[in-house]
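Structure first, then comments.
The values are calculated or read from the model by the stated rules, or taken from the named source; none is laboratory data. Keep in mind that what you see is a predicted model, and the values were worked out from it rather than measured. Quick reminder, even Gly has a Cβ in these numbers, built from the backbone with ideal geometry, and neighbours come from all protein chains shown.
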Amino acid sequence: MRRAGSRRPGITRRQAIGMLGGVSAGVVAALRVGSASAAAQTTFRSVQRITVPRGAVVRTILKDLPPDALVNGATLIHEHLGTDVELMVEELKGAAADGLGCLVNATTGRRTNEQVEAVKRIASQSPVHIVLAGGLFQDSGFQKYPPDVATLTESQLVDELVSDATRQRWSFF
């Protein structure tokens, strides 16, 4: 249900994806034939057992978890959560019902404190573990470095990234 005055379309992303389900189901069925890796992906199990170093943790925005906490769900890598907490929680609850266990929320620029707080609220109200990734990315046709990057020394830039990673609980650069 959409709030009064909302500019969002009348259907959710989840509903739109559901409309494509017939096509997707056919593709998945075709991939399953004789493919151990496709079967592993649809049941969220690894084809091979992986060895994790003793004491390893997965740093989520809320707390550190043992890697085994993520074995019963799929993980989406390099996603971009919006800051509409209510909408994101709704979407993640639906995705969790479909087997999502973890999401890596990436950015190509610096997050504001308000953005980090919104992601913390989403994580605290959602069954999906949220991991933060950050850094800077430049692509001449897509994303430009922020203007202040050119004014920083290498050491200042490293200090800024490490500070953000520590304060915001990044798990990945």
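Of note:
- Filtered by the rule that a residue be buried (at least 18 other Cβ atoms within 10 Å of the Cβ) and part of a loop (DSSP other than H, G, I, E, B), segment 120-149 gives Ser126, Val128, Gly134.
- Meets criteria (in the same structural domain as Val58 (by TED's automatic domain parsing), under 17 Å from the mean Cα position of the chain (by Cα) and under 26 Å from Val57 (Cα atoms)) for Leu76: yes
- Selection status of Arg14, farther than 27 Å from Ala165 by Cα, modelled with pLDDT of 55 or more and not assigned by TED's automatic domain parsing to the domain that holds Thr107: yes
- Residue check, Arg169 among the charged types (D, E, K, R) and over 30 Å from Ile50 (Cα atoms): no
- Criterion (of a type outside the set (Val, Ile, Thr), assigned to a helix (DSSP H, G or I) and more than 25 Å from Leu161 (Cα to Cα)) met by exactly one of Glu86, Glu117: Glu86
- One residue from Leu62, Leu70, Leu76, Leu81 being under 22 Å from Ser163 (Cα atoms), modelled with pLDDT under 95 and surrounded by 13 or more Cβ atoms within 10 Å (Cβ to Cβ): Leu81
- Scoring Ser155 on the criteria (1) of a type in the set (Gly, Ala, Ser); (2) surrounded by 11 or more Cβ atoms within 10 Å (Cβ to Cβ); (3) free of Cβ contacts under 8 Å to residues at least 60 places away in the same chain leaves a single failure, condition (2).
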